[in-house]
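Quick notes on the structure that follows.
The values are calculated or read from the model by the stated rules, or taken from the named source; none is laboratory data. Predicted model only: the values in this text are computed from it and were never measured. Virtual Cβ from ideal backbone geometry, glycine too; neighbours counted across all protein chains shown. Just so you know, the surface numbers come from the protein's heavy atoms only, side chains and all, with ligands and any DNA or RNA stripped out. Shrake-Rupley method; radii C 1.70, N 1.55, O 1.52, S 1.80 Å.
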Amino acid sequence: QVQVVESGGGLVQPGGSLRLSCAASGSIFSIYVMDWYRQAPGKQRELVASVSNDGMTNYADSVHGRFTISRDNAKNTVYLQMNSLKPEDTAVYYCKVAERVGPPYWGQGTQVTVSS
């Protein structure tokens with residue numbers, strides 16, 4: 001069994017910063033890709049950023065230059081540093097973890113609210 005747990009969400013003012021963390025544990029042996037998705041009310045879930053096991057990263061245009069994804073392979077953990085936050089970044093942020101084969105694993109989500 002695999003557990004994926006996100007943390008670090010909260011309420012922040014526009015222009016502020018937050019750092020999300022996601023840790024995978026259990027019967028998971030070789031993580032290939034770790035992703036952050038988000039879903040705002042009434043909208044589809046969208047990919048925010050991803051990082052492969054060799055460090056290759058990819059970002060949505062809407063967050064490029066403001067968000068940074070990183071991972072600690074020894075800890076099976078992925079981070080999302082979010083700077084210059086905007087109200088439109090408000091969403092539930094989900095972590096997805098995938099090995100080279102088999103289904104991906106999702107966390108339960110963490111709420112990020114950007115508001116004054």
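For the range 66-116, please list each of the strands (runs of 3 or more DSSP E) lying entirely inside it that holds at least 3 residues being open to solvent by less than 10 Å² (accessible area, probe 1.4 Å). Steps first, please.
Details: elements: 67-72, 77-82, 91-99, 110-114.
In the range 66-116, 77-82, 91-99 are the strands (runs of 3 or more DSSP E) which contain 3 or more residues that are open to solvent by less than 10 Å² (accessible area, probe 1.4 Å).
Looking at the range 25-37 only, could you name the residues that are more than 12 Å from the chain's Cα centre (by Cα) and either open to solvent by less than 30 Å² (accessible area, probe 1.4 Å) or farther than 13 Å from CYS95 by Cβ (or both)? Reasoning before the result, please.
As a first pass, look at the range 25-37 and keep what is more than 12 Å from the chain's Cα centre (by Cα): 25-32.
Result: GLY26, SER27, ILE28, PHE29, SER30, ILE31, TYR32.
Are there any pairs with C-beta distances below 9 angstrom linking a residue in the range 21-32 that is without any contact (Cβ under 8 Å) to a residue 40 or more places away in the chain to a residue that is in a loop (DSSP other than H, G, I, E, B) and open to solvent by 10 Å² or more (accessible area, probe 1.4 Å), with the two at least 6 apart or on different chains, and if so which?
The qualifying pairs are GLY26/GLN1; SER27/GLN1.
Filter the range 52-61 down to residues that are hydroxyl-bearing (Ser, Thr, Tyr) and open to solvent by less than 60 Å² (accessible area, probe 1.4 Å) and give me whichever is nearest to SER27 (Cα to Cα).
We begin by selecting, within the range 52-61, every residue hydroxyl-bearing (Ser, Thr, Tyr); these are 52, 57, 59.
Those left that are additionally open to solvent by less than 60 Å² (accessible area, probe 1.4 Å): 52, 59.
Details: SER52: 19, TYR59: 28 Å.
By that ranking, first place goes to SER52.
Determine which member of the set ALA49, ALA40 is more than 12 Å from the chain's Cα centre (by Cα), farther than 18 Å from ARG100 by Cβ and open to solvent by less than 30 Å² (accessible area, probe 1.4 Å).
Working: ALA49 fails: more than 12 Å from the chain's Cα centre (by Cα).
Result: ALA40 is the single residue among ALA49, ALA40 that is more than 12 Å from the chain's Cα centre (by Cα), farther than 18 Å from ARG100 by Cβ and open to solvent by less than 30 Å² (accessible area, probe 1.4 Å).
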